[in-house]
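The values are calculated or read from the model by the stated rules, or taken from the named source; none is laboratory data. Note that the structure is a prediction, hence the values are computed from the model and not measured. FYI the Cβ positions are ideal-geometry reconstructions off the backbone, even for glycines, and counts take in every protein chain you see. All accessible areas refer to the heavy atoms of the entire protein, side chains included, with ligands and DNA or RNA removed. Shrake-Rupley method; radii C 1.70, N 1.55, O 1.52, S 1.80 Å.
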Amino acid sequence: MLSREYMRECINYEMYLGMRENISVAEKVWAHFFRPQTNVIIHLRKMQYYHGRCEVISKMHGLILNRRWGIYINPNAEIQKGVYFPHPTSICMTNVRIGENFTCLQNCTIGSKELGMTDSSETPYIGNNVTVYANSLIIGNIRIADNVTIGGGSCVVKNADVCGGVYCGSPARLLKKQSE
């Protein structure tokens, strides 16, 4: 369960991800009220914060994510600070565990192999600084190492355990290790 301080810290950190360093007041207002990437983050973090505190508000934020962007993220998902959805649409995540600075593009599914399985021991663990490109699947009780890139259209069903690796294909396999 998120604390209020951690929720605020996450929202403040994630609010301007993908934008340049020095932005004007008008750009900050635009980012807060009209930028879909920011709106998704606000609803996600509030859904997680109110889960277990006030289920009606938590479900309302989840419903907004689902209806407006087609995003389903389980409120029990453990998502650390720095999540970024550059194209927030059609994303499905069950009870996953995700490290810091996670980027996920559109049409991705991350979850268990069996329908309805919400046990976190049967869902993926994703490390820090991971990028998942469009139309990718990460399915089952697997581990994605730190600094990994999952290519577009990939289906990851086995551990991606090479730190800094680039994985592509169906099923995904290591293409290359990124240089340090």
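Observations on the model:
- Checking the cross-link pairs Lys46/Lys113; Lys46/Lys176; Lys81/Lys113; Lys113/Lys176; Lys28/Lys113; Lys28/Lys176 against a 32 Å limit on the alpha carbon distance flags Lys46/Lys176; Lys28/Lys113; Lys28/Lys176 as lying beyond it.
- Accessible area per residue for the stretch 1-139 is 52 Å², calculated with a 1.4 Å probe on protein heavy atoms, without ligands, DNA or RNA.
- Solvent-accessible surface (1.4 angstrom probe) belonging to Thr109, in square angstrom, nearest 10: 50 Å²
- Where GluC sites (Glu not before Pro) fall in DSSP loop in the stretch 14-61, at most 13 other Cβ within 10 Å: Glu21
- Sorted on the mean count of surrounding Cβ atoms within 10 Å across their residues, most packed first, peptides 140-146, 170-176, 45-51 read 45-51, 140-146, 170-176.
- Choice from Ser136, Ser24, Ser154 with maximal GNM fluctuation in the chain (Cα, 10 Å cutoff): Ser24
- Size of the stretch 32-180: Rg and Dmax of its alpha carbons, in Å, are 14.8, 47.
- For GluC sites (Glu not before Pro), the sites in the stretch 73-146 that DSSP calls loop and that have at most 12 other Cβ atoms within 10 Å are Glu114.
- Set of aspartates and glutamates near Lys177 by C-alpha distance (under 18 Å), chain-local residues within fewer than 8 positions excluded: Asp146, Asp161
- When the alpha-carbon atoms of the stretch 119-180 are used, the pair Rg, Dmax equals 10.5, 36 angstrom.
- Here the contact order of the chain, divided by its residue count and restricted to Cα pairs under 8 Å and six or more residues apart, works out to 12 percent.
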